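Just below is one structure, and these are the notes that go with it.
The values are calculated or read from the model by the stated rules, or taken from the named source; none is laboratory data. This is a predicted model, so every value here is computed, not measured. Don't worry about glycine lacking a Cβ; one is built from the backbone with ideal geometry, like all the others, and counts go over all protein chains shown.
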Amino acid sequence: MALLPEVKKHYGRQRLFINGQWMESKSTLLHENTNPATDEVISEFPTATREEARAAVEAASKAFQTWKNLPLRDRALILFNLRAKFEEHYDELCRILTQDHGRTIDEAKGSVRRVIENIESACSALYGMPRRNEHIDQVASGIDQYLIWEPLGPFLIISPGNIPMHAWSSFVPYAMAAGCTVVFSPSRQDPVAAEAIIKVAQEAGFPDGVINLIHGGREINKEILAQPEIKGVGFIGSNRAGHELFEMCGRLGKTSSINGNGKNHVVIMPDADLDQAAQWLLRACFGMTGQRCLGADNVVIVGNVYDEMKERFKQAAAGMKLGYGLDEETDLGPLTTRAGKEKVEKWIEMALGEGARIVLDGRNPKVDGYPNGYFLAPTILENANVEMKSAKSEAFGPVASLIRADNLNEVIEWINTKTNLGHSACIMTQDGKNARQFVREVNTGNVAVNVAVAQPYAFFPLGSRRESFVGTAKSRMASIRMFMDEKLVISRWV
């Protein structure tokens, strides 16, 4: 095991990518971007001006006129090239993602692999489009009727700080397959990762203007979405920002796929393999330092195995090694930002103020070699109950709250009624009857049985529900429905 080398120590001032050209922003608003393990500045990035945002929209609009008419096989060839380029730059992208975001190198490898799978899925969607069309001869006397799907136009794609590459791939390759163009606005938390994937995409051979990169922010994103050429938005992030964009789309008559916060549960039944469950919980609660929309921070333990499950989980969590994600021995990296770490610490204080108790305290860890990193060790709380605010709001950090339950019916009712969020729920059990009931009755869009995280593969949509999702189409494969619209043709020639 080794400490892998950084691709660069410092990536300089980040640029915009508009109409096939990298360009320095004229903005005077510059921000520092840090490595979360070291707190060292690794790049500076601008907030683009309104004029630069407008230029990106104009480039995407102009490119759409040619991109939508590009023969299917030519579009497919570029997408195949895109997949090949991500494979070619796989190792480099993983190390950049770790350095910029903070996750471990193994987690980065999984994330970049999800990007590649999304590109593969988009390719299959592209070749599946002809089969979506329907044609009926002689639907009435002398009349034929057929349905075709057409791309809508340029879209705004906004990615979050926790999955900067994966979120990009949940929309952009599908937009490309559909014949749409994009203006990409990444999170301010990890702009180096965003620039890296655009550089790789550029190598695939997309025509100028098909993909554009703007370092924006909330106000610039609104400015872009308000442009008449932009037909909609693909977004993964907070409910606050997402619902704001959704309301804006409603006023402007635009389409959207908006994925927000979660509050997910892992349910441990009395018949579960407790040793295996403890290991699964490490990934569910602490994977990516808890910064994942499908991760869990409510662990519901049913029946008389509570004390045994608590001790096994505590022992497993206490053994996790903190460190720089480029160290291959690291189990848990830092949070992505100092503000994110402080927010999780406040969440823990809130839970303790409501009556929760510490089982394992991960605050203020000492991490050899990285005294300035944004680290929190695994934290486990108990004495939690579903009426607490902390049991209904997302921690978004390496925290697990243990909740006692008497039976599965009680747990399903809690999940369905005590929170308005609906990303995922998981159950650990060896009883098929319990598993089937859970799958059928729990009101979340992603459900897992004996799987730590209910993460769908790229060729399935992210099926979130309730206030975790608003919009006209889910992300990944289902986003094709957002990027295209039906046209019905009725003709008479006799």
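Taking into account only those residues within the range 11-39 that are of a type in the set (Asp, Glu) and free of Cβ contacts under 8 Å to residues at least 40 places away in the same chain, which is farthest from Gly209 (Cα to Cα)?
Glu32
All but one of (1) aliphatic (A, V, I, L, M); (2) without any contact (Cβ under 8 Å) to a residue 24 or more places away in the chain; (3) in a loop (DSSP other than H, G, I, E, B) hold for Leu70; state the number of the condition that does not hold.
Checking Leu70 against (1) aliphatic (A, V, I, L, M); (2) without any contact (Cβ under 8 Å) to a residue 24 or more places away in the chain; (3) in a loop (DSSP other than H, G, I, E, B), the one that fails is (2).
Does Ala55 satisfy the condition of being more than 30 Å from Thr104 (Cα to Cα) and in the same structural domain as Gly205 (by TED's automatic domain parsing)?
yes
Residue-by-condition table, conditions (1) crowded, with 23+ Cβ neighbours inside 10 Å; (2) free of Cβ contacts under 8 Å to residues at least 24 places away in the same chain; (3) in contact with a helix residue (DSSP H, G or I) (Cβ under 8 Å, 6 or more places away or on another chain); (4) not basic (Lys, Arg):
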residue: Arg240; (1), (2), (3), (4): no, yes, no, no
residue: Lys254; (1), (2), (3), (4): no, no, yes, no
residue: Gln279; (1), (2), (3), (4): no, no, yes, yes
residue: Gln291; (1), (2), (3), (4): yes, no, yes, yes
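How many of the residues making up the range 295-309 are at negative phi, in contact (Cβ under 8 Å) with a residue 12 or more places away in the chain and surrounded by fewer than 22 Cβ atoms within 10 Å (Cβ to Cβ)?
The number of residues fulfilling the criteria is 4.
If you take the residues in the range 134-170 that are among the small types (Gly, Ala, Ser) and without any contact (Cβ under 8 Å) to a residue 12 or more places away in the chain, which one is nearest to Thr66 (Cα to Cα)?
The extreme case among them is Ala140.
Would you call Ala55 out of contact with any Gly (no Cβ under 9 Å at 6 or more places or on another chain) and hydrophobic (A, V, I, L, M, F, W, C)?
Against the criterion (out of contact with any Gly (no Cβ under 9 Å at 6 or more places or on another chain) and hydrophobic (A, V, I, L, M, F, W, C)), Ala55 qualifies.
Go through (1) closer than 28 Å to Val7 by Cβ; (2) touching a helix residue (DSSP H, G or I) at 6+ places or on another chain (Cβ under 6 Å); (3) not hydroxyl-bearing (Ser, Thr, Tyr) one by one and return the number of the condition Val266 breaks.
If we test Val266 against (1) closer than 28 Å to Val7 by Cβ; (2) touching a helix residue (DSSP H, G or I) at 6+ places or on another chain (Cβ under 6 Å); (3) not hydroxyl-bearing (Ser, Thr, Tyr), just (1) comes out false.
If you go through the range 417-431, how many residues are touching a strand residue (DSSP E or B) at 6+ places or on another chain (Cβ under 9 Å) and either part of a loop (DSSP other than H, G, I, E, B) or farther than 13 Å from Ile268 by Cα (or both)?
So the count comes out to 7.
Could you check the range 1-46 and list, in sequence order, the residues that are among the basic types (Lys, Arg) and in a loop (DSSP other than H, G, I, E, B)?
Answer for the range 1-46, where residues must be among the basic types (Lys, Arg) and in a loop (DSSP other than H, G, I, E, B): Lys8, Lys9, Arg15, Lys26.
Pairs, please: C-beta under 6 Å, at least 6 apart or cross-chain, first residue among the hydroxyl-bearing types (Ser, Thr, Tyr) and in the range 430-456, second modelled with pLDDT of 90 or more?
Qualifying pairs under 6 Å: Thr444/Ser424; Thr444/Ala425.
For the range 375-404, give me each residue that is surrounded by fewer than 21 Cβ atoms within 10 Å (Cβ to Cβ), of a type outside the set (Lys, Arg) and outside any loop (DSSP other than H, G, I, E, B).
Glu382, Asn383
Of all residues in the range 432-476 being part of a strand (DSSP E or B) and among the small types (Gly, Ala, Ser), which is surrounded by the fewest Cβ atoms within 10 Å (Cβ to Cβ)? Quick ask: steps written out before the conclusion?
Step one: of the range 432-476, the residues part of a strand (DSSP E or B) are 446-449, 465-466, 469-471.
Among the residues that remain, those that are also among the small types (Gly, Ala, Ser) are: 448, 471.
Working: Ala448: 25, Gly471: 21.
If we take residues in the range 432-476 being part of a strand (DSSP E or B) and among the small types (Gly, Ala, Ser), then Gly471 is surrounded by the fewest Cβ atoms within 10 Å (Cβ to Cβ).
Having 2 or more residues that are among the small types (Gly, Ala, Ser) is the bar; report the helices (runs of 4 or more DSSP H) wholly within the range 80-190 that clear it.
105-132, 164-169, 172-178
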